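One structure below.
The values are calculated or read from the model by the stated rules, or taken from the named source; none is laboratory data. Fair warning: this is a prediction, and the values are worked out from it, not measured in the lab. Every residue, glycine among them, receives a Cβ derived from its backbone with ideal geometry; neighbour counts consider all protein chains shown. Accessible surface areas use protein heavy atoms only, side chains included; no ligands, DNA or RNA. Shrake-Rupley method; radii C 1.70, N 1.55, O 1.52, S 1.80 Å.
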Amino acid sequence: MSLNAFITETTIQGAADGPLDGTTVAVKDNISTKGVPTTCGSKMLADYEPPYNATVVEDLLAAGGTIVGKTNMDEFGMGTTTETSYFGPTKNPVDETRVPGGSSGGSAAAVANGDADLALGSDTGGSVRAPAAYCGVVGLKPTYGLVSRYGLVAYANSLEQIGPIAPTVEGAAELLDVIAGPDEHDGTTRDAGADADYAGAATGDVGGLTIGIPQELTDGADDRVVERFEAALADLRAQGATTVDVALPSCEYAVAAYYVIAMSEASSNLARFDGVRYGTGGGFDGNWNETFADARADGFGDEVTRRILLGTYALSAGYHDKYYKQAQEARAWVKQDFDETFADVDVVASPTMPVLPPKLGESLDDPVQMYLADANTTPANLANLPAISVPAGDADGLPVGVQLVGPKFGEETIINAAAAVEQ
Ligand code: GLN
């Protein structure tokens, strides 16, 4: 397809009747599909066909969904634009000269373009919410442990969750109803959610709801984004919600802490890819070390290589305390900041992304600039909290997303508030 939203197109039919009967779903290409390529956007796994389905894929099929394809993504989820994919970038359906956001850019673009009714992405530091915001659709990152990660190819285990992308809040909530709940294959899942009714929570009844606004997450955002954000807040107040200022001073360190932790976990997770069983399949000369070094250099792209190197450095003796340990301390501070804030407010609101979708090609030369675009999304991952991005109108013809973060397992609260923004 012209947007390059899919790496593989499929028709995998689910059970005959269920809540997703007649619904098409696109699945990010780092979520395992039995016998169907699951490339993670990487040359390393270009030929990899998993021998089993991820739990969320089993859930989709049991609910009667039809999987129409595996979607394009930044290589192993490492990026905010879907440009680091080995299979080339995805275009933003709203403006094809721009990026769709990432790393689940193919999933968001497919939904925004009407190529799938619903989609699954994964969100380690914003990868569901960023593309949802840039493509003008809804994306939800669940509380850590609400949705099984069994069959999700790991980038940074302690941070990531699979989450739904949909044209509407209700659609995202319906998909969450299908995938939420404990899984014996993933020991980090929790019981919460099994009896919840997420779709039923999308009422938009915000009378009496208190919304906290952290200045730290609006300072520095593009004026056009802030204008849409303020308009959404005014709307919420008109519907009966109260907005109050809150302080999240730790969030200033969120991006730095996130990247140290994510790269450290990635360096360990990606050590398993030796290029022997999948990928370019050998053909390299030399001893053990040389062969694997050559296979890995050949199979991984620049951004993934950079992160493995930086993550290995951050974990190495002598630097561990300086980087990894400090990042963990910052992470604990972010958690504590949110805990204290949720004693006073029901949800925390901010723009999802501080900027409008960049032009294709613009972000690749300056990785640090790309990392900074994750300033507002990474705190929820560090604190393991649920967060949703909901469209809040356009600026210069480009979509702007508002992010609502809730307390642990507070999905129903953020779904309800997001429905009010949508109205
Ligand atoms: N942009 C962030 C990163 O590159 C988040 C990616 C993600 O959530 N997978 O790490």
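For this structure, a couple of remarks:
- For the pair the stretch 197-215 and the stretch 288-357, the centres of their Cα atoms are 30 angstrom apart.
- Count Lys and Arg as plus one, Asp and Glu as minus one, and take only other residues whose Cβ is under 10 Å from that of residue 386; the net charge is then 0.
- Ranked order, 33, 203 - accessible area, probe 1.4 Å, largest first: 203, 33
- Cβ-placed point charges (K, R +1; D, E -1), dipole of the stretch 283-423 about Cα centre in debye, nearest 20: 360
- The mean sequence separation of alpha-carbon pairs under 8 Å and at least six residues apart, normalised by the residue count of the chain, gives a relative contact order of 19 percent.
- Rounded to the nearest 20 debye, dipole of the stretch 315-378 from Cβ charges on Lys, Arg, Asp, Glu: 260
- Dipole of the chain, positive end: most advanced residue of 52, 178, 323 [Cβ charges, Cα centre]: 323
- Distance violations [Cα-Cα > 31 Å] among 34/335; 28/322; 141/359; 43/359: 34/335; 28/322
- Around residue 227: net Lys/Arg minus Asp/Glu count, Cβ-Cβ under 12 Å: -3
- Computed magnitude of the charge dipole of the chain (debye, nearest 20; Cβ of K, R +1, Cβ of D, E -1): 760
- In the chain, a dipole from Cβ-located charges (positive for Lys and Arg, negative for Asp and Glu) runs towards its positive end, and of 33, 116, 105 it is 33 whose Cα lies farthest in that direction.
- Comparing 384, 270, 356 along the charge dipole axis of the chain, the residue lying farthest to the positive side is 270, per the Cβ-charge model.
- CD proxy at 222 nm, helix term only [per DSSP H run n ≥ 4: -39500 (n - 2.57); per residue of the chain; nearest 500]: -9500 deg cm²/dmol
- Overall form of the stretch 1-125 per C-alpha gyration tensor (a/c, 1.5; a/b vs b/c): oblate
- Helix 254-269 axis versus longest C-alpha principal axis of the chain: approximately 30°, rounded to the nearest ten.
- Neighbourhood net charge (12 Å Cβ-Cβ; Lys/Arg +1, Asp/Glu -1) for residue 24: -4
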